[in-house]
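What follows is calculated from the coordinates using simple rules that are stated; it is not laboratory data. A quick note: this is a predicted structure, and the numbers were derived from the prediction, not measured. Every residue, glycine as well, gets a Cβ built from its backbone with ideal geometry; the counts of neighbours run over all protein chains shown.
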Amino acid sequence: MTKSIRSRALKTAVGLLLAGTVTANAQDVVIWGGFPELTGYYERVAESLSGKYPDLNVIVEPIGLRDHEKRVALGLSSGLDDATILELIGSTANRYIVNDLIQPAPEGVSTFVNDDSNFEAFFQETAKVNGTVYGVPVFRGQGALFYNTDMLAAAGLEGPPTTMHEYDEYAAKLTQRDADGNPTVSGWSLRLSGGGGGIAEKFWINLHQYGGTLLEKDGDNYRAGYANEHGLAALKQYVDAVSGVKTVTVEMPADAAAFQREQTAMFIRESWVIGDTAKKAPDLNYKTAVLPRGSIALPVNLYVSGGSDEAQTAAWDFAIAANEPEHLIWMLDNVGWLPNRSGVDYSGVVAAKPQFGAFVDLPEDYVFFTLPSIEPINEILTRFAAHLVDAYADESLVGNDAAMLEVLKASAEETNKILNRAGILAK
Amino acid sequence: MLRRKQFWFAIMAILPTFAIFGWVRLFPIIETLRLSMHEWNLLSKNKPFVGFQNFIELFGDNQFMDALTNTAVIAFGAMAVTIPMSMVLAAIIYHRTRSRFSGFYETAVFIPHVVSLVPAAMAWKWIFDAKLGPLNAIIMGLGGDALPWLFDPVLSVICIIFLVSWQTLGYGVLIYLVGFRNLPKSVFEAAQLDGANGFQSFLYMSVPLLKPITLYVSVVTLISGFNVYAQAYVLASDTQGAPGRQVRVLVLDMLENSFQNFRVGYAAAEAVILLSIVLLLTMIQFGLLRGKGGR
Amino acid sequence: MSATDRARRTNFLLDVTLFVICILLLTPLILLIANGFKTPQEMLVWPPTLFPKDPTLENFHKVFTETPLLRWMLNSFLFAILSTVAIVATSALAGYIIGKFPFRTINIIFILFLATAIIPFEVYMIPLYFQVKALGLLNSVGGLLVGYLVMSFGIFLIRQNVIASIPDELLEAARIDGAGELWIFWYVVLPLLRGPLAALAVLAFFQAWTAFAWPIIVMTRKKSFTIEVGLANFQSAYTVDLSLLSAASAAVMVPSVLAFVLLRRNFVEGIAASGMKE
């Protein structure tokens, strides 16, 4: 009597449990991306493969970057059930490769990547570890200056700033203030809050213009490279802007959203802003300019893991198809990220959207830097960011070079400690 | 004989629950304790034993100390707000039990508790928004200065305390209401005959008699305060779309150490510290509030 | 003024105070719902408006067509119901045993249950994740359930209730009459526990409904998100549409509030019946 009720309940429960389960079939390929705006692009590539793989079901799952990194960590460490294409920055993928959680790419893919007519050496290297190819390059994040031409004209400024000193001047002239002198429109929107590593990354871009670097490479080892006059110059610029001249404050709207709503005159960001602005503020009058010395380049590659052999083959084919010129041109035009493939004619897009010029027409001596593929890179950036955030909020640092250098030194000590723990501190 | 039969029934009946418990609670807890003494980067096969190194390193880690301070402030802050307020509110609602609005009061007070955390935090995020939120609008309307609620390190913690208290208030009120209902009427009638007014009988009689309830509410509030995560994640999050100053709390630090810095052993050590603190505080509360006045 | 008049005046003042406080408590949620009806442009207006000047259903339309919100709500609901059933079942039986069969072994088990209740879930979440993965239950309601099958407080609640309101004599009488233990549990004890079990059911349901940290690591596929996780992911895109977010949050909030309003009476009575005096 109670037994039959119990067994019925058990059967219903199992049924309900299975009802809530989501699994993919053998011919399913899942794409895990950290950039939701690329969904359309992946869907196009999937469609283009429907001839060759009629049963292929591509499930695109982009989420915010931080959660993306978390799910990749969890998924790879415990093994992925379905064939999954992972969109990863080269430096992040490194740790998985080193721990044998991502396997080398099959031969056909290797040949494709190693072909110099497909990719430049810089991008090939990001997809390789110790000479073996593990992934397929697809796009990169690269910075440039975005500036509102109307606001510059109103302030009597001709053309974009070309030195860090001019950046400060422009920022001061472009800031609009209210009756009490508080800034209402920031001259130059800086990354003062938001996303642990992001703050450090953006600081590094400015640091780079002063000739400095966050991490100095010494053979296979690294050390903190910012507790010096370059770091001081960069930090000073921030502190003066926030606490000194007050051209920007923490609570002001920032980043692309602010730029699109004309709440800031200029800011440095990657090319996706172009695609985003076309959708959200199509009437905005703005141009782009190259940075004084060079820019960050964060190459993103596609890796494949999990699933049956045939699903994996389909997945790799997808990664290569994603590099078809027509899809890359579409991505550049509609989303704005920069494709890495060489030999594709982007001139049509650049002609229609001249703002891309600052990303592709680069001076000969433009210097790139990228995040080193070392294990503790995330932690180093996040902890440095914490020090920076405190420094930005500290009004007593204005004009106090010694104190600012102290802040940098304290943080550099922490950075070196982390490097030491990972066994890669340079002597 | 009879007792034996009952004993075996008891053991058999409790076995399924205990088995589940063992698997979903005891085993992972022991595993966490074990992991805290090892170093593991989540990905590799080897987990070298490091003894107490993780703990030693934690106390020198200023991000962890930050998280610890923030979490403690939030937990105690929420408790300090919730207990007196819910006691007083419950007293008033109890006094008005016969009002036809009593159902409305009970419901309204508890609704914040049942609303999903994320929508609630988003509601408050808008209210606290420095540039767009009604809170600053009201302040400026009254002639004051707009405050950067979610950006200032002190203010953002206060915002979280607010949010957490708002959510736990209803729970506290309900439990206190039950407590009030169970208070012996005779003692209060006697006091009234002696000339004590409502306020006096509340302060000198209800409060001490409600000690066991206060103990329970304070333990629950403190524990959930130390576990705060979703509120910080949403309200004081630092995502690009809705920036604010990230308030570092213990659970957030733990998850970041596990999944972004890939130091699971280190995070487990943090978990052990969290556990020890909670246990210690619970025992202290029991010591303080249990001995006297309870029944 | 007579004593009754004074009492009536105090009552009136108290009512007004309570009313104001309750409205204040509910204001953030009311504003949230109102925001759901505003256009994105109106969200950026300063000073902010309380109620939309130009109400639109566009946000809600977008939310329901462009996101799997309904699927998320279904996931949350399924998870919450199953968790409630499991918790009520285990708490009822375990609470009864611990309350009425105070053998040494049982008491030790009780202490274990209590001790682990104090330990925050997040502390042992990560090893539990790997256990769930080992069973292949990631991205499924089963995996979610693993963390929410038992509730120490539930066992405690039932124990209190059993001790306070089920006299030993009743059980003895049934035993003398020749009833088996299971029969006693099912037909004598359970009916008497109806109140507290209902209250526990409400608590368990809302605990599962508002779970956050655990679902966010167990569910990685968009389709299998619970509501909390789905909404939290909303705001991690680069630029966030506040009115859309408010609409989504409001849509999620309304069913749970309604459910609670309906169940409140059961809940309060159930807690009261457990005799919170220990």
Ordered by number, the chymotrypsin sites (Phe, Trp or Tyr not before Pro) in region C:37-119 that occupy a DSSP loop and have at most 16 other Cβ atoms within 10 Å are C:Phe103
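With the radius of gyration and the Kirkwood radius both derived from the Cα set of region A:205-298, what is their ratio Rg to Rh? If you can, show how the numbers build up before the last one.
Working: Rg = 16.2 Å, Rh = 15.5 Å.
We get a ratio of 1.04 for region A:205-298.
If the only charges are +1 at each Lys and Arg Cβ and -1 at each Asp and Glu Cβ, what is the size of the charge dipole of the protein assembly as shown around the Cα centre, to the nearest 20 debye?
Here the size comes out at about 5280 debye.
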Over 12 Å [Cα-Cα, region A:75-115], rounded percent:
69
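Per residue of B:4-11, count partner chain C-beta atoms within 10 Å of its C-beta, then hand back the mean as an integer. Can you show the working numbers first?
Values: counts 0, 3, 7, 5, 1, 7, 11, 6.
Averaged over the peptide's residues, the number is 5.
Evaluate the charge dipole of region C:3-60 about its Cα centre and quote only its size in Debye, nearest 20, assuming +1 on the Cβ of each Lys and Arg and -1 on the Cβ of each Asp and Glu. All intermediate terms of the calculation are to be shown ahead of the outcome.
Details: 5 positive and 5 negative charges, 65 e Å.
In debye, rounded to 20, region C:3-60 gives about 300.
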Long-range amide H partners of A:Val300 with built H, under 5 Å:
A:Val138, A:Phe139, A:Arg140, A:Gly141
To the nearest 0.05, what FRET efficiency results for C:Arg265 and B:Phe7 with a Förster distance of 35 Å applied to their C-beta separation?
0.35
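Send over the Kirkwood Rh of region C:3-60, from the inverse of the averaged 1/r over different Cα pairs, rounded to one decimal Å. List each step's numbers first, then the result.
Values: mean 1/r = 0.0722 Å⁻¹.
One decimal place: 13.9 Å for the Kirkwood radius.
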Beyond 23 Å, the calculated P(r) of region B:1-131 holds a percent of Cα-Cα pairs equal to 70
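If you take each beta carbon of peptide A:61-68 and count the beta carbons of other chains within 10 angstrom, what is the mean?
On the way: counts 4, 2, 7, 10, 4, 7, 9, 2.
Mean shielding by partner chains, rounded to a whole number: 6.
Once R0 is set to 30 Å, what does the formula 1/(1 + (r/R0)^6) return for the Cβ-Cβ distance between A:Ala153 and A:Ala179, expressed as a FRET efficiency to the nearest 0.05? Numbers along the way, then the final one.
Values: r = 24 Å, r/R0 = 0.81.
Computed FRET efficiency for A:Ala153 and A:Ala179: 0.80.
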Given contacts defined as C-alpha pairs under 8 Å and at least six residues apart, what's the relative contact order of chain C, whole-number percent?
31
Binned at 5 Å from 0, what are the whole-percent values of the Cα-Cα distance distribution for region C:68-238, short to long?
1, 8, 15, 17, 16, 13, 10, 8, 5, 3, 1, 1, 0, 0, 0
Out of all Cα-Cα pairs in region C:103-144, roughly what percent, to the nearest whole number, are more than 12 Å apart?
68
Per residue of B:225-233, what is the mean number of Cβ atoms on other protein chains within 10 angstrom of that residue's Cβ?
3
Unit-weight point scatterers at every alpha-carbon of region B:63-291, Debye formula, q = 0.10, 0.16, 0.17 1/Å: log10 I(q)/I(0) is -0.56, -1.14, -1.22
Among C:193-201, A:316-324, how do they line up by average Cβ neighbours within 10 Å per residue, starting with the highest?
C:193-201, A:316-324
For chain A, what does the convex hull of the Cα positions come to per residue, in cubic angstrom?
199
Within 10 Å of each residue's Cβ, count the other Cβ atoms and sort B:Val173, A:Val349 from fewest upward.
A:Val349, B:Val173
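Strictly over 24 Å apart at the Cα level, which of A:Lys70/A:Lys236; A:Lys128/C:Lys133; C:Lys38/C:Lys62; A:Lys236/A:Lys409; A:Lys128/C:Lys223; A:Lys287/C:Lys53 would you flag in this model? Walk me through the numbers on the way to the answer.
Values: A:Lys70/A:Lys236 34 Å; A:Lys128/C:Lys133 30 Å; C:Lys38/C:Lys62 13 Å; A:Lys236/A:Lys409 14 Å; A:Lys128/C:Lys223 33 Å; A:Lys287/C:Lys53 36 Å.
Too far apart for the 24 Å limit: A:Lys70/A:Lys236; A:Lys128/C:Lys133; A:Lys128/C:Lys223; A:Lys287/C:Lys53.
Which value, to two decimals, describes the C-alpha radius of gyration of region B:6-71 once divided by 2.2 N^0.38 Å?
1.71
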Hey, fewest Cβ within 10 Å first, where do A:Asp401, A:Asp394 land in order?
A:Asp401, A:Asp394
Please work out the FRET efficiency for the pair C:Thr27 and B:Leu288, using the Cβ-Cβ distance as r and a Förster radius of 25 Å; give the result to the nearest 0.05.
0.10
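Using mean Cβ contacts within 10 Å as the protection proxy, how do B:71-79, C:20-28 order, highest first?
Working: B:71-79: 22.0, C:20-28: 15.8.
Final packing ranking: B:71-79, C:20-28.
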What area, in nm² and to one decimal, does the C-alpha convex hull of region A:273-427 cast on average over all directions?
15.0
Using 7 Å Cα-to-Cβ label points, what is the B:Phe199/C:Arg175 separation (nm, one decimal)?
5.6
Cα-derived Rg to Rh of the protein assembly as shown, Kirkwood definition
0.99
Output the Cα-based Rg and Dmax of region A:175-216 in Å, rounding Rg to one decimal and Dmax to a whole number.
14.2, 46
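Looking at the square roots a ≥ b ≥ c of the eigenvalues of the Cα gyration tensor of region B:126-262, which shape do they give, rounded for a/c under 1.5, prolate if a/b is larger than b/c, or oblate?
Values: a/c = 4.21, a/b = 1.80, b/c = 2.34.
It comes out oblate by the Cα gyration axes.
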Length gained when the stretch B:Ala190-B:Asp145 is fully extended (0.36 nm per residue, less Cα-Cα span)
11.0 nm
Got a sec? Which residues in region C:146-160 would a label at C:Val188 touch, if it sits 7 Å along Cα→Cβ and we count backbone N under 20 Å?
C:158-160
Quick one: order B:Met122, C:Met125, B:Met140 by neighbouring beta-carbon count within 10 Å, fewest to most.
B:Met140, C:Met125, B:Met122
